[in-house]
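Quick one: this structure, given as structure tokens, is what I'll be asking you about.
The values are calculated or read from the model by the stated rules, or taken from the named source; none is laboratory data. Quick caveat: nothing in here was measured; it's all calculated off a predicted structure. Please note: Cβ atoms are built from the backbone with ideal geometry, for glycine as well, and neighbour counts cover all protein chains shown. The accessibility values were calculated without ligands, DNA or RNA, using every heavy atom of the protein model including side chains. Shrake-Rupley method; radii C 1.70, N 1.55, O 1.52, S 1.80 Å.
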Amino acid sequence: MRIIIFASLTRCYKDKHILKDCQILKNVSQLNETLYLTLLCFLYSKREIKMRKLDSTKVRPLKSEQLLRIEDHDFALRPGFGGSPIPVGIDVQVESIDSISEVDMDFTMTLYLRHYWKDERLSFPSTRNKSMTFDGRLIKKIWVPDVFFVHSKRSFIHDTTMENVMLRVYPDGNVLFSLRITVSSMCFMDFSRFPLDTQNCSLELESYAYNEEDLMLYWKHGNESLSTDEHISLSQFFIEEFSASSGLAFYSSTGWYNRLFINFALRRHIFFFVLQSYFPAMLMVMLSWVSFWIDRRAVPARVSLGITTVLTMSTIITGVSASMPQVSYIKAVDVYLWISFLFVFLSVIEYAAVNYLTTVEERKQLKKKGKAAGMYNIEAVQAMAFDGCYHDTDTDIDLTTFSDHSEESSTRDRAASISNLDATRIKRKKSLKGNVGRIILQNNHAIHTYSRIIFPTVYIVFNFFYWGLYI
């Protein structure tokens, strides 16, 4: 009997719920053993009542893993393994198109990618039929589709302030998996009509490991599965349309795979290139025509004008080529710039031809007048240096030829010409004031006359054909 009393007292002191009553039991056990047993039964019945009240007011919650019974299944296998392929629905919301690069031939896009599928292993009992939402920590413990972007160069999941991943599980096992991604992908561009071009790009989605026998990838809501932000805009392009499509991709070693396409068409803004390339090229061509109205004897003026326009056109062509990929075919802007360069170059060649023919004609005239080669009139040379214009000997200057006179005769002629030099210059200034137009017309070559008409006419016809073909 004493052993029972000792054991009951030891257990009593360990139980915190009846710790206050243990001292009473100790005192009673010393007086009467029967009374002690009666009080012991009463105290333990009181303890059971307290424990039941605590259990009814404080229920320990279950972990999400226990509710979804994650430890009871092997999530390394897809849902319905060994049966029909699991359907995985996709919908995409495009947040922005960040950049388009012609040099790298790629684009960068930020989007919300959402996956829909059913996994009965994740079903759970729920009286209110409410879903449970989790962050990215649960993703690593269950099966999710392995969708990747075909032809992507780089991509990442946003992680500010937390990783932008969401998992929502419904009581019947339906799962929504959403994430926010920025991806850079290739766009095979055709620059044959650049900058009057329209580029068609696409972002392609596909399962990496599961072919069509294991996973069926499809647009969740058909054509309405692709939505875009209304405020999407680009500096160099108009976004003409977004569309969703699907197809199949074949790999020789692994078979056929479902592939989804996000297609969009981009039409380039032309105004920027008109200001930067086309308009300056037009001005340079028109500036080269000014030389047709400059006197053919004004060599420094015409040569400097021709070289300036040629170098400016070369700079424009080089600047356009530097901002474009090195393609092996001719672009529309190349056609315009190189033909404009050809017009500028031909204007320089035209003056070279006129200058050469003028020199040949002068030599013939000198021979007819009996002037030996290398014998020129000093006054004619000085007049040429004065205004840069050629004047015939019969118009406004009396020519004095060099001859084989004695030294004294030559000295007298030089003295006479020097004394009359001031009078001659005054006479020439007076004649030039009212006869500039007549002098230019008299010194005009036939090639100049035709060039003033042919060059502008051909260039205007070229512009009509060019803009009519490419626009």
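Any residue in the stretch 155-175 that's over 21 Å from LEU68 (Cβ atoms): show its pairings with residues that are among the acidic types (Asp, Glu) at Cβ separation under 7 Å, as long as the two are six or more apart or on different chains.
What qualifies is ILE157/GLU163; MET162/ASP135.
From the set of residues in the stretch 104-113 that are among the hydrophobic types (A, V, I, L, M, F, W, C) and under 13 Å from MET186 (Cβ atoms), which is surrounded by the fewest Cβ atoms within 10 Å (Cβ to Cβ)?
MET105
Residues in the stretch 91-110: is at least one under 17 Å from the mean Cα position of the chain (by Cα) and on the phi > 0 side of the Ramachandran plot?
Yes; the residues of the stretch 91-110 include at least one that is under 17 Å from the mean Cα position of the chain (by Cα) and on the phi > 0 side of the Ramachandran plot.
Just one of (1) open to solvent by 20 Å² or more (accessible area, probe 1.4 Å); (2) not in a helix (DSSP H, G or I) trips up TRP338, so point out which.
Condition not satisfied by TRP338: (2).
Within the stretch 349-365, can one find any residue that is in contact (Cβ under 8 Å) with a residue 24 or more places away in the chain, farther than 23 Å from ILE454 by Cβ and aromatic (Phe, Trp, Tyr)?
Taking every residue of the stretch 349-365 in turn, none turns out to be in contact (Cβ under 8 Å) with a residue 24 or more places away in the chain, farther than 23 Å from ILE454 by Cβ and aromatic (Phe, Trp, Tyr).
Within the bounds of the stretch 86-96, is there any residue that is of a type in the set (A, V, I, L, M), open to solvent by less than 80 Å² (accessible area, probe 1.4 Å) and modelled with pLDDT under 90?
Scanning the stretch 86-96 turns up no residue that is of a type in the set (A, V, I, L, M), open to solvent by less than 80 Å² (accessible area, probe 1.4 Å) and modelled with pLDDT under 90.
Is there a residue being under 23 Å from SER245 (Cβ atoms) and under 24 Å from the mean Cα position of the chain (by Cα) anywhere in the stretch 158-177?
Within the stretch 158-177, none of the residues are under 23 Å from SER245 (Cβ atoms) and under 24 Å from the mean Cα position of the chain (by Cα).
Within the stretch 255-307, restricting attention to residues that are among the hydroxyl-bearing types (Ser, Thr, Tyr) and in contact with a helix residue (DSSP H, G or I) (Cβ under 8 Å, 6 or more places away or on another chain), which residue is farthest from PHE194 (Cα to Cα)?
Taking the candidates together, the pick is SER291.
Out of PHE345, PHE386, I need the residue that is at pLDDT below 80 and of a type in the set (Phe, Trp, Tyr). Which one?
Of the residues listed, the single one that is at pLDDT below 80 and of a type in the set (Phe, Trp, Tyr) is PHE386.
I need a count of the residues in the stretch 235-280 that are among the acidic types (Asp, Glu) and farther than 24 Å from SER225 by Cα.
Number of matching residues: 0.
Separate question: Only residues that are among the hydrophobic types (A, V, I, L, M, F, W, C), surrounded by fewer than 18 Cβ atoms within 10 Å (Cβ to Cβ) and out of contact with any Phe, Trp or Tyr (no Cβ under 8 Å at 6 or more places or on another chain): list them for the stretch 115-133, please.
Answer for the stretch 115-133, where residues must be among the hydrophobic types (A, V, I, L, M, F, W, C), surrounded by fewer than 18 Cβ atoms within 10 Å (Cβ to Cβ) and out of contact with any Phe, Trp or Tyr (no Cβ under 8 Å at 6 or more places or on another chain): just PHE124.
Find all pairs meeting these conditions: Cβ atoms under 6 angstrom apart; at least six residues apart or on different chains; first residue within the stretch 240-268 and of a type in the set (S, T, N, Q); second residue in a loop (DSSP other than H, G, I, E, B) and open to solvent by 40 Å² or more (accessible area, probe 1.4 Å).
These pairs meet every condition: ASN258/GLU212.
Continuing with this model, one more query. Does THR182 satisfy being surrounded by fewer than 19 Cβ atoms within 10 Å (Cβ to Cβ) and part of a loop (DSSP other than H, G, I, E, B)?
When the stated conditions are applied, THR182 does not pass them.
In this structure, is VAL310 open to solvent by less than 20 Å² (accessible area, probe 1.4 Å), in a helix (DSSP H, G or I) and at pLDDT 90 or above?
It is false that VAL310 is open to solvent by less than 20 Å² (accessible area, probe 1.4 Å), in a helix (DSSP H, G or I) and at pLDDT 90 or above.
So that you can scan it fast, the table gives a plain yes or no per residue for (1) outside any loop (DSSP other than H, G, I, E, B); (2) not aromatic (Phe, Trp, Tyr):
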{"site": "LEU205", "(1), (2)": "yes, yes"}
{"site": "TYR210", "(1), (2)": "no, no"}
{"site": "SER227", "(1), (2)": "yes, yes"}
{"site": "GLU241", "(1), (2)": "yes, yes"}
{"site": "SER245", "(1), (2)": "yes, yes"}
{"site": "PHE250", "(1), (2)": "yes, no"}
{"site": "ASN258", "(1), (2)": "yes, yes"}
{"site": "GLN276", "(1), (2)": "yes, yes"}
{"site": "VAL285", "(1), (2)": "yes, yes"}
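Which of the residues spanning the stretch 219-245 are in contact with a Lys or Arg (Cβ under 7 Å, 6 or more places away or on another chain) and either open to solvent by 80 Å² or more (accessible area, probe 1.4 Å) or of a type in the set (A, V, I, L, M, F, W, C) (or both)?
PHE237, PHE238, GLU240
I'd like to verify a number: residues in the stretch 162-210 that are of a type in the set (Ser, Thr, Tyr) and under 26 Å from PHE81 (Cα atoms), how many?
Counting residues in the stretch 162-210 that are of a type in the set (Ser, Thr, Tyr) and under 26 Å from PHE81 (Cα atoms) gives 5.
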